[in-house]
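Student: Handing you this structure, nothing more for now.
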Amino acid sequence: MTSIHLDQTDNNKTTRAKVGDTITITLYEMPTGHTWNLSSFTPEALSSEGVTRTQTPQPSSQPLGAAGGGGQRLDWEFKVKAPGRGSISLTYSRGSESEPGAFKYQTHLDISK
């Protein structure tokens, strides 16, 4: 069993995984009102273990509360449970907006036993 770590640079890429592996996707939220939400994943191949939010420090060069200062690191964790193909999709949007998300993250998985 392996821990596979993905981030924004892995958007729209295919990753190889094995049954029993743990996949962690790390993304960041800035204090702009936008949030990351899990849009979909392949439940036949993956189980969602939840998300951990960690406050990130605000750069000392910015005043408190300044746009772009501080934020949150989100670590989404999934367990690989069956071989085949899978995908995970996350959307970065404002909860009050009815428009599609400002940014989408998607990763594809090629899963072996």
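The values are calculated or read from the model by the stated rules, or taken from the named source; none is laboratory data. These numbers come from a predicted model, not from an experiment. Here the Cβ is made from the backbone with ideal geometry for all residues, glycine too, and neighbour counts use every protein chain on show.
Student: Tell me which residues, restricted to the range 15-33, are assigned to a strand (DSSP E or B) and closer than 18 Å to D75 by Cβ.
Tutor: Of the range 15-33, the ones assigned to a strand (DSSP E or B) are 15-18, 22-29.
If the condition is that a residue be assigned to a strand (DSSP E or B) and closer than 18 Å to D75 by Cβ, then T15, A17, T22, I23, T24, I25, T26, L27, Y28, E29 are the ones that fit.
Student: A further question on this structure: Which residue is surrounded by the most Cβ atoms within 10 Å (Cβ to Cβ), if the candidates are limited to the range 36-75 and must be modelled with pLDDT of 95 or more and part of a loop (DSSP other than H, G, I, E, B)?
Tutor: A45
Every residue, every condition in (1) exposed (fewer than 14 other Cβ atoms within 10 Å of the Cβ); (2) aromatic (F, W, Y); (3) more than 10 Å from the chain's Cα centre (by Cα), yes or no:
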| site | (1), (2), (3) |
| --- | --- |
| M1 | yes, no, yes |
| L6 | no, no, no |
| N11 | no, no, no |
| R16 | yes, no, yes |
| G20 | yes, no, yes |
| I25 | no, no, no |
| E29 | no, no, yes |
| H34 | no, no, yes |
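Student: Also, I was wondering about something else. Need pairs with beta-carbon distance below 8 Å; first residue modelled with pLDDT under 85 and within the range 86-110, second surrounded by 15 or more Cβ atoms within 10 Å (Cβ to Cβ) and aromatic (F, W, Y); sequence gap 6+ or separate chains.
Tutor: G101/Y92; A102/Y92; F103/Y92
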